[in-house]
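Q: Can you read through this structure? Questions will come right after.
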Amino acid sequence: MTDIASPVPGVTLKTTSANGIHMRYAEIGQGPLVLFCHGWPESWYSWRHQLTAVAAAGFRCVAPDMRGYGGTEAPEPIDQYTLMHLVGDMAELVKVLGETKAVIVGHDWGAPVAWHAAMWRPDLFPAVCAMSVPYAPPGYVDILSALDKLGINDFYLQYFQKPGVPEAELQADIRGALRRLYFTASGDLDDAKKGFGRLPDGTLLGNTANPDKLPAWLSEADLDYYTQEFSRTGFRGGLNWYRNLRRNWELGGPWRGQSIRQPSLFIAGERDGVLRFPAAQAQLDAYPKTLPGLRGSHILSGAGHWVQQERPDDVNRLLIGFLKGL
C-alpha cells in the first residue's frame, strides 16, 4: 500500500505485514528506533506529541495501530489477542522495519505489552518506558479471580468479559462515548464520585461525566479522528485484549516473579485511576526489586490517565532524557 499523509505534519502512515497480520503504523524521523504502543480506546494518534518531539531529538519513531485497532487487522477469534500475540507483533515489526533492536514505549494496555516485550526479548528491546500501568511480574493469582475473591462483581474489567455487550453500548454513540471516557479518566474531572472503575448501574458510561467543553489537551479535531477510527473498526478488537486476562496469566507461568533488568522508565499522572487499583502502590514500592535498571519513576501532579496527551511537554522531556542517556 502506498504511504499516506497523516493528520500530524511530517508523520507518514504506512502498512506492512508482521506476525501474520497486516499492520498500519505511523513513522517519522531517523536514528535509533523507538516503538510506541498505545492503549484502549486509542490509536497511534495518542502519540502525536511524542512522535514529532522524539524524532526532532534524533530518533526513528514508529507508532503502530495495535492489533485490533485502526488500520491494523482485527482477527476474529478472541484467543488471538494474548500478550504473546501482542509482543510477537512488536518483535516482528522491529524486524520488518529492518532493525535489530528498539526502545519500546507503552501506555495503558500498551504498557503491559512494553513490559512483557522487555522481559521476554531483552535482545530486541534493550530499554523500556511505560506509562500509567506499573510493572508487576507475572504473579500467582489472576486479576479476575482476585476480584471474585474480594466479592467485587461490578468492575469494568468484568463487564468487558461479555462479548458484544460493551461493544453495543459504546457503538450506540461513538463520539459521545469517547468524549465521556477521555474526560472522565483525565486529570480535568473534578467530581470524585464519577468514574468507570466500578459500574454501579451495570453500564460503562452510566457514571461518566460529559464535559460542557473538551479539556485543553483534547481538541474537537482530535476527537473527530478517534471517532472516525472507531466508527470504521468498532470496539471488538481492543476489548478482546481484556478477554485474555486469565489466558495471559496462565501463559505467564514460566516468568512468575521475573524482574526486568534493562534500563527502564515509568511515568503516570497523579490523578490516574490505575494508581488507585488495590495493588498499584505495592507495585511501585517493589520497583527496586522488580526493575533493578530503573532510571526514574515520575508521577506528574494534576495529570490523569492520558498522561502523554495531557502533559506532552513533561512526558517528552522525561522520555528524551531517558533515550539520550542510554
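The values are calculated or read from the model by the stated rules, or taken from the named source; none is laboratory data. Not measured: the values here are computed from a predicted model. For neighbour counting, all protein chains shown are included, and Cβ atoms are generated from backbone atoms with ideal geometry for every residue, glycine included. These accessible areas exclude ligands, DNA and RNA; they are computed on the full protein's heavy atoms, side chains included. Shrake-Rupley method; radii C 1.70, N 1.55, O 1.52, S 1.80 Å.
Q: Any idea which of VAL113, GLY253, TYR242 is furthest toward the positive side of the dipole for the chain, if Lys and Arg beta-carbons carry +1 and Asp and Glu beta-carbons -1?
A: The listed residue farthest towards the positive side: GLY253.
Q: Another question, then. Could you tell me which of rounded, prolate or oblate describes segment 46-192, using a ≥ b ≥ c as the square roots of the eigenvalues of the alpha-carbon gyration tensor, with rounded for a/c under 1.5 and, failing that, prolate when a/b is larger than b/c and oblate otherwise? Working shown, then result.
A: Numbers: a/c = 1.65, a/b = 1.37, b/c = 1.20.
Prolate, since a/c reaches 1.5 and a/b exceeds b/c.
Q: If the elastic network links every pair of Cα atoms under 10 Å, which of PRO278, PRO32, PRO122 fluctuates the most in the Gaussian network model of the chain?
A: Among PRO278, PRO32, PRO122, the largest GNM mean-square fluctuation belongs to PRO278.
Q: Further question: How many times 2.2 N^0.38 Å is the alpha carbon radius of gyration of segment 204-294?
A: Numbers: Rg = 18.2 Å, N = 91, 2.2 N^0.38 = 12.2 Å.
Ratio of Rg to 2.2 N^0.38 Å for segment 204-294: 1.49.
Q: Antiparallel versus total DSSP beta bridges in the chain: what percent is that, nearest 5? Intermediate values should be presented prior to the final figure.
A: Working: 14 of 35 bridges.
In the chain, DSSP labels about 40 percent of beta bridges as antiparallel.
Q: Please find the FRET efficiency linking LYS193 to ARG317, where r is the Cβ-Cβ separation and R0 is fixed at 25 Å, and quote it to the nearest 0.05.
A: Numbers: r = 34 Å, r/R0 = 1.35.
Between LYS193 and ARG317 the formula returns 0.15.
Q: Next question, about the same structure. Tell me the relative contact order for segment 1-159 as a rounded percent, counting alpha carbon contacts under 8 Å between residues six or more apart.
A: On the way: 283 pairs, mean separation 30.2, N = 159.
This gives 19 percent for segment 1-159.
Q: In addition: First compute the accessible area of segment 124-190 with a 1.4 Å probe, then give the percent of it belonging to carbon and sulfur atoms. Before the final figure, lay out each step's value.
A: On the way: 1500 of 2670 Å².
Answer for segment 124-190 is 56 percent, counting heavy atoms of protein chains only.
Q: Rounded, prolate or oblate: which fits the chain when a ≥ b ≥ c are the square roots of the eigenvalues of the alpha-carbon gyration tensor, with rounded for a/c under 1.5 and prolate only if a/b beats b/c? Don't jump to the answer; show the numbers that get you there.
A: Working: a/c = 1.28, a/b = 1.12, b/c = 1.14.
Here the chain falls in the rounded category.
Q: Then there's this: Averaged per residue, what accessible area in Å² does segment 31-153 show with a 1.4 Å probe, protein chains only? Could you put the intermediate results ahead of the total?
A: On the way: 3590 Å² over 123 residues.
That works out to 29 Å² for each residue.
Q: Please list, by residue number, every one of the chymotrypsin sites (Phe, Trp or Tyr not before Pro) in segment 101-165 that is coil in DSSP and has at most 15 other beta-carbon atoms within 10 Å.
A: Working: sites: TRP109, TRP115, TRP120, TYR135, TYR140, PHE155, TYR156, TYR159, PHE160; in loops: TRP109, TYR135, TYR140, PHE160.
Taking segment 101-165 and a limit of 15 other Cβ atoms within 10 Å, the loop chymotrypsin sites (Phe, Trp or Tyr not before Pro) found are TYR140.
Q: Could you give the size of the charge dipole of segment 183-251 about its Cα centre, using +1 on the Cβ of each K and R and -1 on the Cβ of each D and E, expressed in debye and rounded to the nearest 20? Walk me through the intermediate numbers first.
A: Numbers: 9 positive and 10 negative charges, 110 e Å.
In total the dipole reaches around 520 debye.
Q: Let me check against my output: what whole-number percent is the relative contact order of segment 65-116, with C-alpha pairs under 8 Å and at least 6 apart?
A: Numbers: 27 pairs, mean separation 14.4, N = 52.
Relative contact order here is 28 percent.
Q: Taking 0.36 nm per intervening residue step and subtracting the Cα-Cα distance, what contour gain separates ALA146 from ASP173 on full extension? Please report the intermediate quantities before stating the final value.
A: Working: separation 27, 0.36 × 27 = 9.72 nm, distance 3.25 nm.
Length difference between fully extended and current span is 6.5 nm.
Q: Quick one: putting +1 on the C-beta of Lys and Arg, -1 on the C-beta of Asp and Glu, what dipole do you get for segment 237-326 around its Cα centre, in Debye to the nearest 20?
A: On the way: 12 positive and 7 negative charges, 69 e Å.
So the magnitude is around 340 debye.
Q: Let me ask something else. Among VAL11, GLY202, LEU83, which residue has its Cα positioned farthest towards the positive end of the charge dipole of the chain, with +1 placed on the Cβ of Lys and Arg, -1 on the Cβ of Asp and Glu, and the dipole taken about the Cα centre?
A: Among VAL11, GLY202, LEU83, the one farthest towards the positive end of the dipole of the chain is LEU83.
Q: Answer rounded, prolate or oblate for segment 12-60, using the Cα gyration tensor with square roots of eigenvalues a ≥ b ≥ c: rounded when a/c is under 1.5, else prolate when a/b is larger than b/c, else oblate. Could you put the intermediate results ahead of the total?
A: Numbers: a/c = 2.25, a/b = 1.36, b/c = 1.65.
Taking the square roots of the gyration eigenvalues as a ≥ b ≥ c, segment 12-60 is oblate.
Q: Over the chain, what is the relative contact order in percent, taking alpha-carbon pairs closer than 8 angstrom and at least six residues apart? Don't skip to the answer; put the middle values down first.
A: Numbers: 610 pairs, mean separation 61.2, N = 326.
Relative contact order here is 19 percent.
Q: Oh, and also: Quick one: among PHE277, PHE183, PHE230, which has the greatest mean-square fluctuation in a GNM of the chain with alpha-carbon springs under 10 angstrom?
A: In the Gaussian network model the winner is PHE277.
Q: Taking a 1.4 Å probe, which of ASP154, ASP212, ASP148 shows the most accessible area, and what order do the others take after it? Before the final figure, lay out each step's value.
A: Values: ASP154 40, ASP212 160, ASP148 95 Å².
Descending order: ASP212, ASP148, ASP154.
Q: Sticking with this structure for a sec: Only four residue types carry charge here, +1 at the Cβ of Lys and Arg and -1 at the Cβ of Asp and Glu. Report the dipole size of the chain about the Cα centre in Debye, rounded to the nearest 20. If you can, show how the numbers build up before the last one.
A: Numbers: 31 positive and 34 negative charges, 153 e Å.
My answer is approximately 740 debye.
Q: Right, here's the next one. Taking only DSSP H segments of four or more residues, each worth -39500 (n - 2.57), what value at 222 nm results for the chain once the sum is divided by all its residues, to the nearest 500 deg cm²/dmol? Write out the running numbers ahead of the final one.
A: Numbers: 14 runs with 118 residues, N = 326.
So the calculated ellipticity at 222 nm is -10000 deg cm²/dmol.
Q: So, counting K/R as plus one and D/E as minus one, what does the shell of residues with Cβ under 12 Å around ARG175 add up to?
A: Numbers: positive: ARG179, ARG180; negative: ASP173, GLU220, ASP222, ASP224, GLU229.
That works out to -3.
Q: Build a GNM of the chain with springs between Cα atoms under 10 Å: which of GLU250, GLU92, GLU220 gets the top mean-square fluctuation?
A: Looking only at GLU250, GLU92, GLU220, the largest GNM fluctuation is found for GLU220.
Q: Over segment 204-323, with the other protein chains present, what is the accessible area per residue in square angstrom, probe 1.4 angstrom? Let's see the in-between values first.
A: Numbers: 5310 Å² over 120 residues.
I get 44 Å² per residue for segment 204-323.
Q: Now for a different question. Among GLY304, VAL274, LEU291, which residue has its Cα positioned farthest towards the positive end of the charge dipole of segment 274-326, with +1 placed on the Cβ of Lys and Arg, -1 on the Cβ of Asp and Glu, and the dipole taken about the Cα centre?
A: LEU291
Q: Still on this structure, please answer the following. In segment 1-111, carbon and sulfur make up what percent of the accessible area (probe 1.4 Å)? Spell out each step's value before the answer.
A: Working: 1920 of 3600 Å².
Carbon and sulfur atoms account for 53 percent of the accessible area of segment 1-111.
Q: If each residue of separation counts as 0.36 nm, what is the full-extension length gain between THR15 and GLN228 once their alpha-carbon separation is subtracted?
A: Working: separation 213, 0.36 × 213 = 76.68 nm, distance 1.84 nm.
Stretched out fully, the THR15 to GLN228 stretch lengthens by 74.8 nm.
Q: If you don't mind, there's one more thing I want to ask. Starting from the amide H of LEU300, placed 1.01 Å from N in the peptide plane, find each other amide H under 5 Å away whose residue is 5 or more places distant or on another chain.
A: ALA268, GLY269, GLU270
Q: Name the longest site-free stretch of the chain, where the excluded sites are trypsin sites (Lys or Arg not before Pro) in a DSSP loop with no more than 10 other beta-carbon atoms within 10 Å. Don't jump to the answer; show the numbers that get you there.
A: Numbers: sites that count: LYS193, LYS213.
Here the longest run is 1-192.
Q: Right, something else. Excluding same-chain residues fewer than 8 positions from LYS193, which aspartates and glutamates have a Cα within less than 14 Å of its Cα?
A: Hits, sequence-local ones excluded: ASP201.
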